[in-house]
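J.: My questions all concern the structure below.
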Amino acid sequence: MSTPARPPLNALKKRLERSRAERGGRIQDGFLRETFVLSRQDARSKAREWFDRWPKQAYWTEIESWFERPNDVIEFTMRRLPAAD
């Protein structure tokens, strides 16, 4: 018995592309994001700088994602709220 064929995803793909184009490809959840590609030591320093400047308790600062790249390079995205309320 063969496995069923996948359904066509063209409509879903077009809808996602249209939605992303309307938002300019950005997530609109109120957070500010910045992505860095730095050596491991510089990445640690940059993350500390963000947490010192925008404390987690007030700005919900966090490392949203990170990846280890070749040659001990870290790519990571920091996010925070634009203002502390």
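J.: List every residue pair whose Cβ atoms sit under 6 Å apart, with the two residues 6 or more apart in sequence or on different chains, where the first one lies in region 36-57 and is over 14 Å from Asp72 (Cα atoms) and without any contact (Cβ under 8 Å) to a residue 12 or more places away in the chain and the second, anywhere, is among the polar types (S, T, N, Q) and outside any strand (DSSP E or B).
T.: Phe51/Thr61
J.: Next up: Provide a single number: the residues in region 60-85 that are over 13 Å from Phe31 (Cβ atoms) and either within 15 Å of the chain's Cα centre (by Cα) or in contact (Cβ under 8 Å) with a residue 60 or more places away in the chain (or both).
T.: Total meeting the criteria: 6.
J.: Still on this model: Would you point out which residue out of Lys46, Lys13 is of a type outside the set (A, V, I, L, M), outside any strand (DSSP E or B) and in contact with a strand residue (DSSP E or B) (Cβ under 6 Å, 6 or more places away or on another chain)?
T.: Lys46
J.: Give me a count of the residues in region 42-59 that are over 17 Å from Asp29 (Cβ atoms) and either surrounded by 14 or more Cβ atoms within 10 Å (Cβ to Cβ) or among the aromatic types (Phe, Trp, Tyr) (or both).
T.: Within region 42-59, residues that are over 17 Å from Asp29 (Cβ atoms) and either surrounded by 14 or more Cβ atoms within 10 Å (Cβ to Cβ) or among the aromatic types (Phe, Trp, Tyr) (or both) number 5.
J.: For region 60-74, does any single residue satisfy the condition of being of a type outside the set (Val, Ile, Thr), in a helix (DSSP H, G or I) and surrounded by 12 or more Cβ atoms within 10 Å (Cβ to Cβ)?
T.: If we filter region 60-74 for residues that are of a type outside the set (Val, Ile, Thr), which is where we start, we get 60, 62, 64-72.
After this cut, where a residue has to be in a helix (DSSP H, G or I) as well, the list is none.
No, that holds for no residue.
Every number in this text was worked out from the coordinates using simple rules, so none of it is lab data. All values reported here derive from a predicted model rather than from experimental measurement. Counting neighbours? That spans all protein chains shown, and the Cβs are built from the backbone with ideal geometry, glycine included.
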